[in-house]
Every structure is written in C-alpha cells, then in structure tokens.
Amino acid sequence: MTIEPSAFMNTLVKRFDFHENDQSTLKANAAWGLEIAAEMADHFYAYLGRDEEMNAVLNETEGRVHRLKQTFVTWFHEMFTGIDHWGDDYAERRWKIGLVHVKVGIQPQHIVPAMATVVNEVGKKLKAQEKSEELKDALGKICMIDLAFIEQSYIDVATTAVLRETGWSAALFKRLVTKGAESM
C-alpha cells in the first residue's frame, strides 16, 4: 500500500497550487533560506527538547541533536532549491525523511507543532527583513507539502504492517478503519 513518492508529490503540488511562480520565488531566495536555516533548526529542536518524551528520543545517542540539526539545515535549504525542481529526487528524499521519522519515533503529534514553530519563526524573519508576501506563501506551501510526506509515511507504514501481518486486503482494512472511526 506504499505510495509512489513522485505521484504523491504531483498530487500535493496540485492540491497546494504550488507552481512555477512559487518555485521561482523560493529559488531566488535560496541563499536567504540557507542563511536562516541553522537558526530555524535551533527553534525546531528547542521546541522538541522541551517535551520530555522527545527530549529522550533526541538525546538517546551522543551527538544526535547535532547531527539532526545539520540534517535540518540541508532539508530547509532544499525547500528553497527544490533539488531537481521539486521532481522525483525531491519527492523520494521527502518520503525517506518521513520514514526516518517513523523509525526514530518522532510522531506527528510532535512534528506538527514543531513545524508550526518553524513556520511562525520564519514568518517573524520574513516580516523583520521585509521579505515579500509571495515568499511567505511559497514557503508555507512547500512546508505543508513536506509535512504531508511525513504524515503519509506514518499512515503507510502502519497500513502496510497491518496488511502484511493479517493478510487482509487494502479494501477490507480501509472499511474496518472507516467503521471504527464511525463508532468513536
């Protein structure tokens, strides 16, 4: 039941109306994105570190936070560069980032507010530095696209695991989930 990252990216591009003008705006501001990336990483991990459960995950191994911050800087900058113009390589990398979050145990309940913290802090930077509304909109769209990849990875990993363990069909599983949601 695993999604195909490129197809998922194409779907999200349409849903978020993330098009050439957004992409051009991000690329034109790639140097600025790299300039603020480390500060945004600090905000992201400071937020997560205040949570007892996440602090334990983040500090499980020595040097993990430092490595994660470096990875964050790369990820953040890639939102501006698009790697391959937000194509197959970009989609595949975002999918793998989502899977890493699942493996490490950083759940959506932690990622969503941490991402909101970054979006808020970026918004403050945009305003203070008098950046365009177009940049704010484009960055908001690509942040949500990236967040959708992380969210979808949780769904796909859980669904795939249940289908593999039970031998159920995807249709049966979907029906059970829908019925379960109706009873809540």
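The values are calculated or read from the model by the stated rules, or taken from the named source; none is laboratory data. None of these values were measured; they are calculated from a predicted model. Reconstructed Cβ throughout: ideal geometry from the backbone, glycine too, with neighbour counts over all protein chains shown. All accessible areas refer to the heavy atoms of the entire protein, side chains included, with ligands and DNA or RNA removed. Shrake-Rupley method; radii C 1.70, N 1.55, O 1.52, S 1.80 Å.
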Based on the mean of other beta carbon atoms within 10 Å per residue, what is the order of 106-113, 52-59, most packed first?
106-113, 52-59
The local net charge around Glu39, scoring Lys/Arg +1 and Asp/Glu -1 for residues other than Glu39 whose Cβ lies under 12 Å from its Cβ, equals 0
With no solvent and one equal point scatterer placed on each C-alpha of segment 105-184, evaluate the Debye formula and give log10 I(q)/I(0) for q = 0.22 Å⁻¹, two decimals.
-1.02
Compactness of segment 68-133, expressed as Rg and Dmax over alpha-carbon positions, Å:
13.6, 39
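Between Glu151 and Ala56, what FRET efficiency comes out of the Förster formula 1/(1 + (r/R0)^6) with R0 = 25 Å and r the beta carbon distance, rounded to 0.05?
Using R0 = 25 Å, I get an efficiency of 0.65.
Given the peptides 87-94, 152-159, arrange them by the average over their residues of other C-beta atoms within 10 Å, most packed first.
Taking the mean over residues of other Cβ atoms within 10 Å, the ranking is 87-94, 152-159.
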Mean Kyte-Doolittle of at least 0.0 plus a Cα span of 15 Å or more along the axis: flag which DSSP H helices in the chain meet both, please.
5-16, 30-49, 108-128, 133-166, 170-182
Per residue of the chain, what 222 nm ellipticity follows from adding -39500 (n - 2.57) for every DSSP H run with n ≥ 4, rounded to the nearest 500?
-27500 deg cm²/dmol
Could you state the number of Å between the C-alpha centres of segment 15-66 and segment 85-138?
6 Å
Solvent-accessible area per residue for segment 64-184 (1.4 angstrom probe, square angstrom)
54 Å²
Can you give the direction-averaged projected area of the convex hull of the alpha-carbon atoms in the chain, in nm²?
12.0 nm²
